[in-house]
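Structure record follows, encoded as structure tokens.
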Number of protein chains: 2
Amino acid sequence: MRASPRRAAGPLDASNSAGARWRTLSADSVRLDGGLLARRQAVNRDAALPHGWRMLDEAGNFENFRVAAGRSRGSYRGPVYMDSDVYKWIEAASFQLPECPSSGLAAAVDEAIDDIEAAQQADGYLNSYYTAAQPGRRWTDLALGHELYCAGHLFQAAVAHHRGTGSSRLLSIACRFADHIDATFGPARRPATPGHPEVEMALVELYRETGERRYLNVAGFFIDQRGHGRLGPNPLFNSSAYFQDRVPVREASEFEGHAVRALYLATGVADMYLESGEQALLDALKRQWQDLISHKLYVTGGIGSRHHAGAFGQPYELPNELASCETCAAVASLMWCWRMLLITGQACFADLWERTFYNAVLAGVSLDGTRYFYLNPLADNGAEEHLHRGGPRRKPWHAVACCPPNVMRIVASLAHYVATADADGLQIHQFGPARVAADAGRGGPVVLRMAGDYPWDGRVRVTVEQAGGAVWVLSLRRPAWAEQVAVRVNGVPIDAAPAPNGYQQIERAWRPGDAVELELAMAPRLVEGHPWIESTRGCIAIERGPLVYCLEQADHAAPIYDLELDPGAPLTTHWRPDLLEGVAVVCAAGYQIDRSRWAGRLYRPFETGSALSRRRTELTAIPYYAWANRGSNAMRVWLPHA
Amino acid sequence: MRASPRRAAGPLDASNSAGARWRTLSADSVRLDGGLLARRQAVNRDAALPHGWRMLDEAGNFENFRVAAGRSRGSYRGPVYMDSDVYKWIEAASFQLPECPSSGLAAAVDEAIDDIEAAQQADGYLNSYYTAAQPGRRWTDLALGHELYCAGHLFQAAVAHHRGTGSSRLLSIACRFADHIDATFGPARRPATPGHPEVEMALVELYRETGERRYLNVAGFFIDQRGHGRLGPNPLFNSSAYFQDRVPVREASEFEGHAVRALYLATGVADMYLESGEQALLDALKRQWQDLISHKLYVTGGIGSRHHAGAFGQPYELPNELASCETCAAVASLMWCWRMLLITGQACFADLWERTFYNAVLAGVSLDGTRYFYLNPLADNGAEEHLHRGGPRRKPWHAVACCPPNVMRIVASLAHYVATADADGLQIHQFGPARVAADAGRGGPVVLRMAGDYPWDGRVRVTVEQAGGAVWVLSLRRPAWAEQVAVRVNGVPIDAAPAPNGYQQIERAWRPGDAVELELAMAPRLVEGHPWIESTRGCIAIERGPLVYCLEQADHAAPIYDLELDPGAPLTTHWRPDLLEGVAVVCAAGYQIDRSRWAGRLYRPFETGSALSRRRTELTAIPYYAWANRGSNAMRVWLPHA
């Protein structure tokens, strides 16, 4: 372990990674202050994290460690990966602890670490399920046992806790387990293909935090092991592709199998590239990116087309009601996009980060922070028995509770994803009121303040508070969704052509008080899907800024499944401070079809639109992230066009 | 067993069933002579049945019986239900044997019965898998062991063999096994919920053939056992609904779970109603019918929306590429529709029989009778790797080979489904050149000849050759698809109003030479799907007569996934004697879209149709049943409308 104290960093510290074009900033560099992101983060801190602790406590997650430690006479409860939920919750809490070091949260984290520490075996092994419920059967089911998956989440929690509190206590536990894993698996030792990727990215980060190269090596070993079908087919999926074990990592040309696993693996591979710079890894990731954006991405940024298997489907297989779009898969996509952004410096990755966060991730948690979606379909007919009697409804917790703490850790670390730096200056990726204080390369230490009412308003104002000492480059992402962009420096419009990487680059000798204004066109937009997608054919969706919109039954008297949108009618935006904690709704016009003519049949002679009996009606669309906060009701993103 | 010799009957002998409004005819009553049905039947007899024997021989199905009998030292091969494939093949062959009693087919059947007889245990038990591979484990896995399923197919084969040959040999084997089952299961003995329905309908038919009421009783016992979740969830499906074990039969309100299982069960329940007349059974079946036609039916008549589980989906969940539409499910639907027709006398069931046979079943076998589909999706992008590397392509045989012999037995028994009789006369349900000689109730023995070029031409001519002795009613189905129907008797148009049951009823004192002409409008039609179906939205399909049409890549230079149909352009029909053994193609006009504008993206700003760059093109549609007879290529039934 490195002897010197290190600057606090966020979940990823790529400040010294050879493969990073842009450096991550230290955790105290960016502070969100106001706006939607800060609001979501406050709810996460004040409501979601305490709620999560209660749910973990009720579900037996903490108790499992005490059972494994022999401190309790109870029995292990829950699925095999219960430990990971605790680790993700600790990771989330650790990102918040610098703000509230002496809170009840800190005490709760310390208690949890007590339990974890007690459950660790003398040889470093740590897993409450195998210790308490399957003694003697360690590492016997790498496909489904999730020991390495839980280990990975421990390592990430430990790194975050170390960074957030300065305490080495959980980090020491993690290193003992990592040493045990290193001593168990490897080319000269035992082969292993982890059934659920996660340990790869975590070992790389543990290496970054401790400087211990063995951790990097064993991560590389796990990555190299994949792709030989050792994990066999999963019952839900007739191929080892489910486990990303059909094709070696360097030969991958598509995303396949379980979406969370696929993106966790890609994240680990990106981490490995960041440290090794091995081109074959990056080439494979770029092929997978092309596959994703060309074939397998929902308009929300969600991924995973197969409800039952949580898996990628065929190209263009993107059903709405039966989407998987697991919240965890969206979180995984954020982690991967972030690394791809650091590696390539291309705005497309920050664009997808933004689309995914505001839509696929934020939708996963209720506005009050205490109810969660596992799946995030793009349509829901509102029937009580939808999707096998109890499908996508928000729940306080889940039997498989991976998603809630995953949302908690990403929301708690939002500031991490706002900005980066390189030798030439600073880059701003995500918008919203914030203070950014960082080392701007040749500019030296600078302080910027970002203001505006993003994502509701498209004007982003960046004011220089501390200017730095030289000419340096301020880069502002120009979102691909923005059909018009205006840029002003100190009120004077400048040539608004973006750099090839999709950023607005402004190079000057900055002075305190200098202000850059980015004005992104915020008119609501209609989008359509590729003609090969069955589920979007004949339909359009509404977007505004980075937000995807939907119709929800709560805003309509007519059944929303009977509504069509008239694409020729104007779309208007209205700020509704009273609604869903304040949202801009988009109003449109369309028609309500007469469904009675379909009673008792599925097919009938085709009638052209003009002959249909339908009546004109108004439609009100809300941001997709805010749906299902007014009870269970129908929702749809894609609307047939009249 | 009844002592007196009985008249040969088809697969179902409801000539004495209390619940039958219409009587089935004896097997020699109807002879197909010419036309598409007779052609398919000849191919089935001359190519498919010999091919099936070779495939069964190669796969080890016959050998399995010899292994079980101790006549061979080999090992059991294949899945647990291999016996059923042999039984279905014998059943199919038995329907053909009256035409060729001394052929090689008859010898092959006798040889197979030798093997089966030898494998039967002293106590009557008969299952080559459990006897050869799992001795001592009989009846230990009712959920997935398929012993009762195989037993059912044995009983059906035995009944067909008895009816087709007069030999009691296989029937005796069947009765010994049925006696064993009766002695094993029952209210006072062992409970049992068969994991795959089939034995129910088979036991009822065995009762009809032998008069042994115990067989009917044990069928009723199996039906009554269902619906208590004893079979638990299947790994492919998170509910006992997969096995139709979630809801008791009399409480069912929908079709759910594995589609073949669901329809085999419904068939057995209908058989039980035919014998018992218990209203609660029929009420449940009628509710399921409403669910089917309102929510879960493909336009081809295919059923089963979930590719992986072969299961029904949610209401309106009817994906095209990922349809299941297993050929066996369509065969099951035919069996069920036929019974519902006999029970109710309503044309809607014969209509669905027709739609399902011509489209969902006929598509399941190649024109030459030697290559089979397991799944029958409504679209296929033609990619080699479609649907997990090797999905819906015609194959000579399948590892799970249920479908090929199921097609064989239904095609071999087509004549059975053409006509029925009641006290008032005769009913004609399916059209095509045929001779019908039957007892027309109060009309006495009559002979009719049906002529025409159905399904290509809509004129069906029925000539009375032997008139019978009294005034009686000739009923001709008026297909629901026919937008206009003209009826002439001896050239004179008559009032063409159908009876409430959907049939044209003509009551008169018939004389030899009388001719009825039914003229069904055969113009190609455009149909649309219910607006709640994701996969048909914005699309139309072409139908003509009872046939659903599709585009196939072989007829087009442009990728057919890029074609749109102009619903305003005229549709024209052309008879192509050279194509696909002779088909009427439907030509249409539409557009080829410019897909290059979508390169590398799935979503883009909406553009109205007029602004799209697309070019006018011609489309040629072929009958769906004939697709995939010119190699693997893309196909789609539902076409976006321009």
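Here are the numbers for the structure shown:
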item: Convex hull per residue volume in Å³, alpha carbons only, for the stretch A:73-148; result: 111
item: Label-point separation, A:GLN279 to A:VAL489 (7 Å along Cα→Cβ), nm; result: 3.6
item: Heavy atoms of A:LYS286 accessible to a 1.4 Å probe, total area in Å² rounded to 10; result: 90
item: Mean accessible surface per residue for chain B, computed with a 1.4 Å probe while every protein chain stays in place, in Å²; result: 32
item: Kirkwood Rh in Å, taken over all unlike Cα pairs in chain A; result: 25.3
item: Peptides ranked, highest mean first, by Cβ atoms within 10 Å: ranges B:487-498, B:528-539, A:331-342; result: A:331-342, B:528-539, B:487-498
item: Per-pair calculated FRET efficiency, R0 = 35 Å: B:GLU465 and B:THR572 via Cβ, rounded to 0.05; result: 0.40
item: Rg and Dmax of the stretch A:537-633, Cα atoms only, in Å; result: 14.9, 46
item: Relative contact order %, chain B, counting alpha carbon pairs below 8 Å whose residues are six or more apart; result: 12
item: Shielding score for B:593-604, defined as the mean number of other chain Cβ atoms within 10 Å; result: 5
item: Label-point separation in nm, B:SER613 to A:ASP224, each point 7 Å along Cα→Cβ; result: 4.9
item: Shape category assigned to the protein assembly as shown from the gyration tensor of Cα positions, a/c cut at 1.5; result: prolate
item: Rotation relating B and A, chain A residue nearest the axis via C-beta, angstrom; result: A:GLY538, 1
item: Between the stretch B:549-574 and the stretch A:329-369, the Cα center-to-center distance that results, in Å; result: 41
item: Largest-first principal axis extents, alpha carbons of the stretch A:190-340, Å; result: 46, 30, 24
item: Over chain B: helical MRE at 222 nm, DSSP H runs n ≥ 4 each giving -39500 (n - 2.57), nearest 500; result: -9500 deg cm²/dmol
item: Whole-percent carbon and sulfur share, accessible surface of the protein assembly as shown, 1.4 Å; result: 50
item: Charge tally in the Cβ shell below 12 Å around B:LEU97, where Lys, Arg are +1 and Asp, Glu are -1, B:LEU97 excluded; result: -1
item: Charge dipole (chain A, unit charges on Cβ, about Cα centre) - positive-most of A:TRP397, A:HIS161, A:ASN490; result: A:TRP397
item: In Å, descending, principal axis extents of the Cα set of the stretch A:419-520; result: 34, 27, 24
item: Antiparallel bridges, percent of DSSP beta bridges restricted to chain B (to nearest 5); result: 95
item: At 0.692 mPa s and 37 °C, Stokes D of the stretch A:125-244 from Kirkwood alpha-carbon radius, µm² per second; result: 222
item: Cα-only Debye scattering, the stretch A:449-488: base-10 log of I(q)/I(0) at q = 0.26, 0.31 Å⁻¹; result: -1.08, -1.29
item: Gain in span if fully extended, B:ARG190 to B:ARG73, counting 0.36 nm per residue against the direct Cα distance; result: 38.7 nm
item: Cubic angstrom per residue, convex hull over Cα atoms of the stretch A:17-136; result: 160
item: Computed label-point distance, nm, for sites B:LYS286 and B:ASP141 using a 7 Å Cα→Cβ extension; result: 4.2
item: Across the identical copies, how the B:ASP283 labels are spaced - nm, sorted shortest first, 7 Å along Cα→Cβ; result: 7.0
item: Rounded if a/c under 1.5, otherwise prolate or oblate - the stretch B:291-408, Cα gyration tensor axes; result: oblate
item: Student exercise, chain B dipole from Lys, Arg, Asp, Glu Cβ charges, in Debye to nearest 20; result: 240
item: 7 Å along Cα→Cβ, label-point gaps from B:GLY444 to other copies, nm, shortest first; result: 12.1
item: Dipole magnitude of the protein assembly as shown about its Cα centre (Cβ charges: Lys, Arg +1; Asp, Glu -1), debye to nearest 20; result: 240
item: Accessible area buried, both sides summed, chains A and B with 1.4 Å probe, Å²; result: 5400
item: Other protein chain Cβ atoms within 10 Å, averaged over every residue that makes up B:537-545; result: 3
item: Exposure rank, largest accessible area first [A:ILE116, B:ILE293; 1.4 Å]; result: B:ILE293, A:ILE116
item: Peptide A:367-377, shielding by other chains (average Cβ, 10 Å cutoff); result: 0
item: Inter-copy spacing of A:ALA423 label points, which lie 7 Å from Cα along Cα→Cβ, given in nm from shortest upward; result: 10.2
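The values are calculated or read from the model by the stated rules, or taken from the named source; none is laboratory data. Keep in mind it's a predicted model, so treat the numbers as computed, not measured. All Cβ positions, even for glycine, are placed from backbone atoms using ideal geometry, and neighbour counts span all protein chains on display. Ligands, DNA and RNA are excluded from the accessible area calculation, which covers all protein heavy atoms including side chains. Shrake-Rupley method; radii C 1.70, N 1.55, O 1.52, S 1.80 Å.
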